[in-house]
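See below for the structure under consideration.
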Amino acid sequence: QLQLVESGGGLVQAGGSLRLSCAASGRTFSRYAMGWFRRAPGKDREFVAVLNWSTASTIYADSVKGRFTISRDNAKNTVYLQMNSLKPEDTAVYYCAANYLTPSTQASQYDYWGQGTQVTVSS
């Protein structure tokens, strides 16, 4: 089992920044592709970003490209999502997820999920 715990959410004005963290424990973290997803009220869960465990290559949703940055610190077993230039439409519960070896934009491919952290962007 891999346990994931997100933190760093909160209330921010449009144009502001937040950094989300996802701390992992329980298994060898470094071999997992780490992704971020979000669910806005009344909407389906949406892919945000993923980072390949071996190459550190990244994929971003078009809606966040150029504004969000995913990164990881294997020594700290932590993955981050730096969110800049936030917009009201970024308001959602953000979840980190882990998939063994394979990065994916599909939520169904992920084996482990955190409990989520709320991000609210006011206009």
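The values are calculated or read from the model by the stated rules, or taken from the named source; none is laboratory data. In this text the structure is predicted, and so the values were computed from the model without any measurement. Cβ placement follows ideal geometry from the backbone for every residue including glycine, while neighbour counts extend to all protein chains displayed. The accessibility values were calculated without ligands, DNA or RNA, using every heavy atom of the protein model including side chains. Shrake-Rupley method; radii C 1.70, N 1.55, O 1.52, S 1.80 Å.
With R₀ fixed at 25 Å, the C-beta to C-beta distance from ASN52 to SER122 puts the FRET efficiency at about 0.15. Calculate, in whole percent, how much of the Cα-Cα pair population of the chain lies beyond 16 Å. Everything past 16 Å amounts to 56 percent.
Where both residues lie in the chain, what percent of DSSP beta bridges are antiparallel, nearest 5? Before the final figure, lay out each step's value.
Values: 39 of 43 bridges.
Roughly 90 percent of the DSSP beta bridges within the chain come out antiparallel.
Where the centroid of each part is defined by its Cα atoms, how far is the stretch 18-45 from the stretch 61-95 in Å? Each part's Cα centre sits 9 Å from the other's. Protein heavy-atom surface of the chain, 1.4 angstrom probe: 46% of the accessible area is carbon and sulfur, with nucleic acids and ligands not counted.
Note that the stretch 56-123 presents 49 Å² accessible area per residue, ligands and nucleic acids not counted, probe 1.4 Å.
A simple rule links phi to the HN-Hα coupling: the Karplus curve 6.51 cos²θ - 1.76 cosθ + 1.60 with θ = phi - 60°, which for the stretch 5-12 gives 10, 8, 7, x, x, x, 9, 9 Hz, with x for Gly and Pro.
How big is the Cα convex hull of the stretch 1-71 in projection, averaged over all directions, in nm²? Intermediate results must be reported in sequence, preceding the final value.
Details: hull surface 23.0 nm².
Its Cα hull, projected and averaged over all orientations, spans 5.7 nm².
Restrict the search to the stretch 39-110; then list the chymotrypsin sites (Phe, Trp or Tyr not before Pro) that DSSP places in a loop and that have at most 10 other Cβ atoms within 10 Å of their Cβ. The partial results should precede the final answer.
Values: sites: PHE47, TRP53, TYR60, PHE68, TYR80, TYR94, TYR95, TYR100, TYR110; in loops: TRP53, TYR110.
Answer in residue order: no site qualifies.
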